[in-house]
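To start, the structure itself, in structure tokens.
Computed from the coordinates by the stated procedures, all read-outs in this text should not be read as laboratory data. Because the structure is predicted, anything quoted here is derived from the model rather than measured. No Cβ is skipped: glycine too gets one built from the backbone with ideal geometry, and neighbour counts run over all protein chains shown.
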Amino acid sequence: MSDIARRAILDGIRASLRRGPVPEDTAAVLDRRLRRPEPNVVPAIALGGRAALVSRFLTAAATAAATTTRVAPGREGAAVADFLRAHNLPMAVAVAADARLDGVAAEPMLSVTRRGADHGAPAAEDRVGVSHALAGLAETGTLVLVSGPDSPATLNMLPDTHVVVVRARDVVGGLEDGWEHLRAVAGGDPLPRTVHLVTGPSRTGDIEQTLQLGAHGPRQLHVVLVDDDPAAHGD
Amino acid sequence: MHVTSRAFKENVRGAVTDPNLRQSLATMKTGFRANRAKAVAALPEFEALRDAGKAIKDHALAHLDYYLERFEERVVAAGGHVHWARDGDEACRAVLDICRAHAARVVTKGKSMVAEEIALNQALEAAGIQPVETDLGEYIIQLRQELPSHIIAPAIHVRKHQVADSFRAHHRQFPADRPLEEPRDLLDEARVVLRDRFLSADVGITGANLLIAETGSTIIVTNEGNGDLTQLLPRVHIVVTSIEKVVPTLEDAATVLRLLARSATGQLMSSYTTLSTGPRRPDDPDGPEHFHVVLLDNGRSRMLGSEFRDALRCIRCAACINHCPVYGAIGGHAYGSVYPGPIGSVITPALASLEEAAGLPNASTLCGRCEAVCPMRIPLPRMLRNWREHEFARHLAPARVRWGLRIWSLAARRPALYRMGSGVTARLLMWLGGRRGRLSWAPMASAWTRVRDLPAPPPGGTFMTRFRTMQGQRRSRR
């Protein structure tokens, strides 16, 4: 059935465009457009020096109702513990198996369960999840999170509280820079199964257009920025 | 596509006298409109982005066959499946076949207008499969057995006490006297109830805001996170979407994303923009094991060859709906189509038929606000006028309207006759208006005078006579 439908739809499209299949020379141009994507209009908020981008990233994340903290390398675990204590949250955390989070997992104040790799998938009972971002987008305060063996995608969505660690070096300007990171991760293979661009905690306005934070995803989003980029201090 | 627009006039009568609906619609001005205006003002490149967005969609539509084939190749390369569907029945059948193959009993659904268009829930229920809407607004209207009244805020017509009533009637597991006065209480209860459904569903169905030919990814843009739990927790993820959603590259998607959230809710980005590419990889600890994309045509390939092609650029942001004075007065249900407002009045006749959608192209004052705010610069007023011409040419307009227009055009093409006619009418109305200057009844205008007075023309004659007098005065002054 689908094959007949497929042909009928493609034929219908071509009839409407008053042509047959795309001619070879046009196809070559289109193919190049796909293989070497060009940016379109990139707004000024997606551009700037390192320090400007990092501070814009933190401001934009806060505007989207995330909380943020900026710490020296190695202080991530303490930052997570401080945040949980300050918000009177449980110290039991589910930490992605990502090796960049080993420091968080070693924090003595926390009671840690790892998720991903040999530890299996996140559980419905995980109240606090800790993930590591691939990148941060200064333009919108967005975190780019990719699924993989040691970074389960459900950890971004199931817990009530989501803590995301992102390195200052990985904070880039806009979406286009984020896509470059993604393509580098994929290395010519298909993209990771799930790419989450996360901007603030979950929310809804579906009841009388009153904004409520904490719909089905996390009620709180906390961003821990690891200050590993000397260039991000003033320019 | 099920359309009840024939009853438009009766629906409107009900809508304008519904106090709950009036209250609900009043929030739109302070919410969506103000937020969009603020977001647009804060981005100097917004107009340039609109031009770029329009160019991207025009390019994608001009090579739609090519980009759909590339998209399909990439989905398959990532381990997914693509199903092509000419109409709603074929799309529903494709979804049912997948559900049956996995012996699905409960299906969770993220918000999808295409699923509404093909009436997927009814098809699932008829096959003994329980669909559970997980977007809060969609969940509320599913409990109330209603259609969405807005494409991004499906329950905008429902007041919170009505939500509480539905929850009390359906969530019998909780104490009957629990407090449900505040939106927070309602949201927390829905979160608890739906969390169980997310975890127990066999199949998750979402829509898509964009399809990426470069990567074979589908993108959903959401705020609640329900679309993510819907697609990540069950073993099977089905994307129900339509052919015009494909764009070439992620860079192109970036332009559309910058326009979408700002035009819709005034956010820079919605909370979650999620790219889904194929099923989970062998070493992934979570995510769906199967990934299917159902590509619906349902009249779109035909629209591509018509004067309504530009409407295929629509990214379903709802800006035109939020700014439409007619929608603001009557809400979404009166339109009788799952797509209300200006964009609905343009695409419903194209996707269903003009006969079924009769009346919709007239549900507009042609004030032009919709086109002014459309991020894709769709010439909605022009298209509404085109439909009216079709309606007239195909004798679908009521006889009174056709005769009225015929008489008017007869006069309008004869200036002397027109001036004489309007002069006589103006004098007659002035006389009837008397000293009050208003008429509480006028021939052939009883529909107007039943609810308000008709102002009589001011003294001094018609526009043309006053214009001529003024010109004469000017000339004599010189």
The alpha-carbon center of the range B:183-210 and that of the range B:309-346 are separated, in whole Å, by 26
Averaged over the residues of A:29-41, the number of partner chain Cβ atoms within 10 Å of each residue's own Cβ comes to 6
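Using unit Cβ charges (K, R positive; D, E negative) and no other charged atoms, how large, in debye to the nearest 20, is the dipole of the range A:112-211 about its Cα centre?
Here the range A:112-211 has a charge dipole of around 240 debye.
Normalising by the residue count of the range A:59-161, find the relative contact order in percent from Cα pairs under 8 Å and 6+ residues apart. Don't jump to the answer; show the numbers that get you there.
Values: 162 pairs, mean separation 29.0, N = 103.
Result for the range A:59-161 is 28 percent.
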Between the modelled labels at B:Glu307 and A:Arg127 (7 Å from Cα along Cα→Cβ) the distance in nm is 6.4
With -39,500 (n - 2.57) per DSSP H segment of 4 or more residues and division by the full residue count of the protein assembly as shown, the 222 nm estimate, nearest 500 deg cm²/dmol, is -13000 deg cm²/dmol
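Could you grab the Rg to Rh ratio for the range B:416-477? Cα atoms only, Kirkwood for Rh.
On the way: Rg = 14.2 Å, Rh = 12.9 Å.
When Rh is taken as the Kirkwood radius, the ratio is 1.10.
Taking the Cβ-Cβ separation of B:Asp97 and A:His119 as r and a Förster radius of 30 Å, what is the calculated FRET efficiency to the nearest 0.05? Present the calculation step by step, with values, prior to reporting the outcome.
Numbers: r = 36 Å, r/R0 = 1.20.
So, using R0 = 30 Å, E works out to roughly 0.25.
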Rounded to a whole number, the mean other protein chain Cβ count within 10 angstrom for residues of B:261-272 is 6
Residue separation between B:Thr425 and B:Gln130 times 0.36 nm, minus their alpha-carbon distance, gives in nm 99.9 nm
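For the range B:343-468, what is the relative contact order in percent, using Cα pairs closer than 8 Å and at least 6 residues apart in sequence? Numbers along the way, then the final one.
Numbers: 95 pairs, mean separation 19.1, N = 126.
Once divided by the residue count of the range B:343-468, the mean separation gives 15 percent.
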per DSSP, antiparallel bridges as share of beta bridges in the protein assembly as shown, % nearest 5, sits at 35
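Let me have the relative contact order for the range B:5-301, percent, based on Cα pairs under 8 Å that are six or more residues apart. Intermediate values should be presented prior to the final figure.
Details: 490 pairs, mean separation 82.3, N = 297.
Value for the range B:5-301: 28 percent.
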So, for the Cα atoms of the range B:5-301, Rg and Dmax in Å stand at 19.8, 59
Taking alpha-carbon centroids only, the range B:60-77 lies from the range A:63-105 a number of Å equal to 42
Here the residues of the range A:140-163 lying in the modelled label zone of A:Thr59, meaning backbone nitrogen under 14 Å from a point 7 Å along Cα-to-Cβ, are A:140-141
For the protein assembly as shown, the percent of all C-alpha pairs falling in each 10 Å bin, from 0 up to the bin holding the max distance, is 3, 14, 23, 25, 17, 9, 6, 3, 1, 0
To the nearest 20 debye, the protein assembly as shown has a Cα-centred charge dipole, built from +1 on Lys and Arg Cβ and -1 on Asp and Glu Cβ, of 5300
Violations at 28 Å Cα threshold for listed pairs B:Lys9/B:Lys109; B:Lys54/B:Lys111; B:Lys38/B:Lys109; B:Lys109/B:Lys245 -> B:Lys9/B:Lys109; B:Lys38/B:Lys109
Computed Rg/Rh for the range B:312-354 (Cα atoms; Rh = Kirkwood radius) stands at 0.94
Within 10 Å of the Cβ of an average residue in A:15-22, the count of other chain Cβ atoms is 5
One finds, for A:Ala186 and B:Arg178 with R0 = 51 angstrom and r their Cβ-Cβ distance, a FRET efficiency to the nearest 0.05 of 0.60
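Between B:Arg435 and B:Asp18, take the C-beta separation as r, use R0 = 41 Å, and let me know the FRET efficiency to the nearest 0.05.
Numbers: r = 38 Å, r/R0 = 0.92.
Plugging the Cβ-Cβ distance into 1/(1 + (r/R0)^6) gives 0.60.
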Once both label points are put 7 Å beyond Cα along the C-beta direction, the A:Met109-B:Thr449 separation in nm becomes 8.0
Whole-number value, in Å³ per residue, for the convex hull of the alpha carbons of the range A:50-198 is 106
Each label sits 7 Å from Cα toward the beta-carbon; between A:Ala72 and A:Arg18 the label points are separated, in nm, by 7.1
